[in-house]
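Have a look at the structure below before the remarks.
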Amino acid sequence: MVQLFCDSCDKEIRKPSRGVNYISLLGYDLCLPCRDDLTRQTGKAMHKKEAYQLKAYNGVYEQTLRRMCK
């Protein structure tokens, strides 16, 4: 049995199955509630910008992920 912990909230992910109850992003493992929080925080940060650009979105997404997983 494999033990896996969310890198953001440090909670154990029971019966880990990638894509079902956790995801891996840039070397970090996130539970689904933390993934939703990451998406929400990224969206809020992007609303502050004037024009949507994919490059800017990816940068904000990565910065938010790294901040959450300190």
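Just so it is clear, none of the values below were taken in a lab; they were calculated from the coordinates. Computed from a predicted structure; not experimentally measured.
Mind checking which residues of the stretch 11-40 are small (Gly, Ala, Ser) and under 21 Å from GLU62 (Cα atoms)? Spell out the reasoning first.
The initial filter retains those residues of the stretch 11-40 that are small (Gly, Ala, Ser), namely 17, 19, 24, 27.
Within the stretch 11-40, GLY19, SER24, GLY27 qualify.
Could you list all residues from the stretch 28-70 that are in a helix (DSSP H, G or I) and among the small types (Gly, Ala, Ser)?
Within the stretch 28-70, GLY43, ALA45, ALA56, GLY59 qualify.
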